[in-house]
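Some notes on the structure that comes next.
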Amino acid sequence: MRKICVISAKWIKPAVFALVLGVIALAAAGGAAAYASATIPEVTVVLDAGHGGFDGGVVSSQGDKEADINLAVTRRVKKRLEEGGVRVILTREGEGALGVTKKEDMQKRAEIIASSGADAVISIHVNKYSQSYRRGVQVFYGDTGTGGPFAKKLQSVFNTYINAKYSGRDYSALAGDYFIAKCSAIPSVIVECGFISNPQDLELLKSQAYADEIAECIFKCVLR
Ligand SMILES: [Zn+2]
C-alpha cells in the first residue's frame with residue numbers, strides 16, 4: 001500500500017497552497033486559530049457495504065441477512081477510521097440497494113469508487129459455506145486489480161488479531177474475478193468478515209464488539 005503511506009500527490013499542491021494561506025492568515029490575525037482550517041486529509045477510503053435492498057446476500061438458518069450485518073460492520077469501520085483521521089466515503093449508506101437491478105447497483109458502486117479519488121476500497125461481506133464448521137475472516141482481491149499487496153497485509157493482520165483468537169485457522173488472501181475489486185485502478189479488497197453458516201461466527205458477526213475488532217484491524221492496516 002505505497003499510496004496510502006504517504007500524502008497522495010494530488011494533495012501536495014492544495015497542501016502547499018493551504019499552508020501558505022494558513023501562514024498569511026496567522027500573520028494577519030495573529031491567532032493560532034487560523035491554522036484550524038488548514039487540516040489536510042491524507043488518506044481517503046471507500047467502504048462498500050455489500051448487497052442491500054432486494055439483494056440480501058447470504059442468509060443464516062435463522063434468517064439473518066448478510067446485507068444487514070455488512071451495513072452494521074461498515075458503520076463501525078467508518079467510525080474507527082474517521083476517529084483516526086481517515087476520510088471515509090460510503091457506497092451504500094442505508095438498507096436499500098443502489099439500483100433496481102444487481103447490474104445497476106454494481107454500476108452505481110463503481111461510479112462512486114471512480115469519482116472518489118480514494119487511496120483504497122474495502123468491500124465488507126459475510127461468507128457462507130455448505131458445512132457449518134468453517135469460520136474466520138478471509139480477504140479477497142481482483143485477479144487483474146491492484147489490491148494484492150493490501151489484501152495480503154490485511155489478511156495477516158486478521159490472522160494475528162482475529163483468526164488466531166476465534167477460529168485458530170489462518171487464511172491466505174485469494175485473487176478472483178470480483179467486479180468491485182477490479183472496477184478501478186484503486187487498490188481494492190473484499191473482506192469476508194466471518195461465516196454466517198457457523199453459529200459462533202454468526203453470534204460474533206451480530207455483535208458490535210466483534211465489528212469493532214474488524215474495524216481496528218482495518219485501521220491498523222490502513223495506517224501502514
Ligand atoms: Zn456478500
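Values in this text are rule-based calculations from the coordinates and carry no lab data. This structure is a prediction, so every number in the text was calculated from the model and none was measured. Using ideal geometry, Cβ is built from the backbone for each residue, glycine included, and neighbour counts are taken over all protein chains shown.
Going by the alpha-carbon gyration tensor, a ≥ b ≥ c the square roots of its eigenvalues, is segment 150-224 rounded (a/c under 1.5) or, if a/c is not under 1.5, prolate (a/b greater than b/c) versus oblate? If you can, show how the numbers build up before the last one.
Values: a/c = 1.77, a/b = 1.49, b/c = 1.19.
Cα axes put segment 150-224 in the prolate bin.
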Original post:
LYS165: which aspartates and glutamates have alpha carbons under 17 Å from its alpha carbon, excluding same-chain residues fewer than 8 sequence positions away?
Top reply: GLU192, ASP201, GLU203, ASP212, GLU213, GLU216
Original post:
How would you rank GLU111, GLU42, going from fewest to most other Cβ atoms within 10 Å of each one's own Cβ?
Top reply: GLU111, GLU42
**OP:** Determine, for VAL77, VAL86, the number of other Cβ atoms within 10 Å of each Cβ, and report the residues in order from fewest to most.
**Re:** VAL86, VAL77
Original post:
Based on Cβ point charges of +1 for Lys and Arg and -1 for Asp and Glu, what charge dipole magnitude is obtained for segment 38-163 about its Cα centre, in debye rounded to the nearest 20?
Top reply: 360 debye
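Taking the Cβ of each residue in GLU104, GLU66, GLU93 as the centre, tally the other Cβ atoms inside 10 Å and list the residues starting with the fewest. Before the final figure, lay out each step's value.
On the way: GLU104 12, GLU66 26, GLU93 15.
Result, fewest neighbours first: GLU104, GLU93, GLU66.
With +1 on each Lys and Arg Cβ and -1 on each Asp and Glu Cβ, and nothing else charged, work out how big the dipole of segment 64-135 is about its Cα centre, in Debye to the nearest 20.
Details: 15 positive and 11 negative charges, 56 e Å.
That gives a dipole near 260 debye.
In segment 48-196, how does Rg compare with the Kirkwood Rh, expressed as the Rg/Rh ratio over alpha carbon atoms? Can you show the working numbers first?
Numbers: Rg = 14.8 Å, Rh = 15.7 Å.
Rg/Rh for segment 48-196 comes to 0.94.
Return the subset of LYS128/LYS220; LYS103/LYS182; LYS103/LYS220 for which the Cα-Cα distance in this structure is over 23 Å, preserving the input order. Walk me through the intermediate numbers first.
Numbers: LYS128/LYS220 26 Å; LYS103/LYS182 15 Å; LYS103/LYS220 33 Å.
In this structure, LYS128/LYS220; LYS103/LYS220 exceed 23 Å between Cα atoms.
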